[in-house]
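First comes the structure, then the notes that go with it.
The values are calculated or read from the model by the stated rules, or taken from the named source; none is laboratory data. Keep in mind that what you see is a predicted model, and the values were worked out from it rather than measured. All Cβ positions, glycine included, derive from the backbone under ideal geometry; neighbour counts span all protein chains shown.
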């Protein structure tokens, strides 16, 4: 059977850092289970998404010593920016000069999109034919004046800007995919949404530097979302890691590193607690929360890129990549790191 995985995985961030002190006005509105990262990045430019998409694509190609003509398919997810549609894939295609016959696809599973993009890429390659290398990308820029976060809502203090990318192929594999698993919990469809709503607390924005987005604002969380902490949101990680490990032919206790979507610190704590009885110690989980916060679908490549820069993924390590997204879609990839 053909082996697929990643040739390279990279991240890109804007230079501007904001800290929890910049969001002090939102602290009184935060529920107990939500906290602010110490710092994160912001790129308040109308073209932020386009700029970061091009930068991270260039970085991925350079990292793998490849050119645009070496890529057979582009899969991209974007969060925020000037336009709701079209997505950024065609923009990157044009800007970097990919071949006319190279498809440029956009997907939108919110925070689950990067892992789903990797699974889609893997299956396109395994199908044989014209797809040998696939560029998978995710980009978040949430305070550009287009669509994005509501700067008067506590979630604005949690979510950061940035981009991540990987090249998926069957060649020169640094990381080999062992299994993909997914469950969908449709009960989460409405409790956490990005909607076309005005700011919830516009009075908090008077005299501040924050940009008010013209498009959809959010994410907005209903009381039902918090009620799910002890049920669905806790159970999902047990089912996800157990099923993915079984497909990979391993036990959960054999997972060396978990890289998860950094939605909220409350969720990370619940997931770590829920998987301890499976033989997965808390110190196997990795996070870049206090550097970047919640960067949506970028969380997985962002944390992976930092771990690699720190030489913190040993050769032969088994990784679980877990990234649930809006609507309750919950993908997991088990990967062996080849170095």
Filtering the range 101-136 for residues that are within 30 Å of residue 22 (Cβ to Cβ) and in contact with a helix residue (DSSP H, G or I) (Cβ under 6 Å, 6 or more places away or on another chain) leaves a count of 5
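Considering only residues that are modelled with pLDDT under 95 and in contact with a strand residue (DSSP E or B) (Cβ under 9 Å, 6 or more places away or on another chain), look in the range 250-267 and name the one that is farthest from residue 162 (Cα to Cα).
If we filter the range 250-267 for residues that are modelled with pLDDT under 95, which is where we start, we get 263-267.
Narrowing the set further to residues that are in contact with a strand residue (DSSP E or B) (Cβ under 9 Å, 6 or more places away or on another chain) leaves 263-264, 267.
On the way: 263: 15, 264: 17, 267: 21 Å.
In this case the residue turns out to be 267.
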**Asked** Somewhere in the range 217-225, is a residue assigned to a helix (DSSP H, G or I), more than 26 Å from residue 92 (Cα to Cα) and over 22 Å from the mean Cα position of the chain (by Cα)?
**Response** yes
Every listed condition ((1) within 16 Å of the chain's Cα centre (by Cα); (2) within 26 Å of residue 195 (Cα to Cα)) holds for residue 85 save (1)
Looking at residue 30, is it in contact (Cβ under 8 Å) with a residue 60 or more places away in the chain and either exposed (fewer than 15 other Cβ atoms within 10 Å of the Cβ) or more than 27 Å from residue 225 (Cα to Cα) (or both)? no
For helices (runs of 4 or more DSSP H) lying entirely in the range 230-299, having 1 or more residues that are free of Cβ contacts under 8 Å to residues at least 40 places away in the same chain and surrounded by fewer than 16 Cβ atoms within 10 Å (Cβ to Cβ) picks out 232-248, 265-275
If you go through 106, 123, the only one that is within 16 Å of residue 167 (Cα to Cα), surrounded by 17 or more Cβ atoms within 10 Å (Cβ to Cβ) and without any contact (Cβ under 8 Å) to a residue 60 or more places away in the chain is 106
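Taking the range 86-103, which residues are in contact (Cβ under 8 Å) with a residue 12 or more places away in the chain and in a loop (DSSP other than H, G, I, E, B)? If you could, list the steps in order and put the result at the bottom.
So in the range 86-103, the residues in contact (Cβ under 8 Å) with a residue 12 or more places away in the chain come out as 86-93, 95-99, 102-103.
Hits for the range 86-103 are 86, 87, 88, 97, 98, 99, 102, 103.
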* Before we move on, is residue 193 assigned to a strand (DSSP E or B) and buried (at least 17 other Cβ atoms within 10 Å of the Cβ)? -> yes
Only unsatisfied item for residue 334, checking (1) closer than 26 Å to residue 141 by Cα; (2) touching a helix residue (DSSP H, G or I) at 6+ places or on another chain (Cβ under 6 Å); (3) crowded, with 24+ Cβ neighbours inside 10 Å, is (1)
The number of residues in the range 166-190 that are surrounded by 18 or more Cβ atoms within 10 Å (Cβ to Cβ) and assigned to a loop (DSSP other than H, G, I, E, B) is 3
The one condition residue 225 fails out of (1) surrounded by fewer than 16 Cβ atoms within 10 Å (Cβ to Cβ); (2) touching a residue at least 24 places away in the same chain (Cβ under 8 Å) is (1)
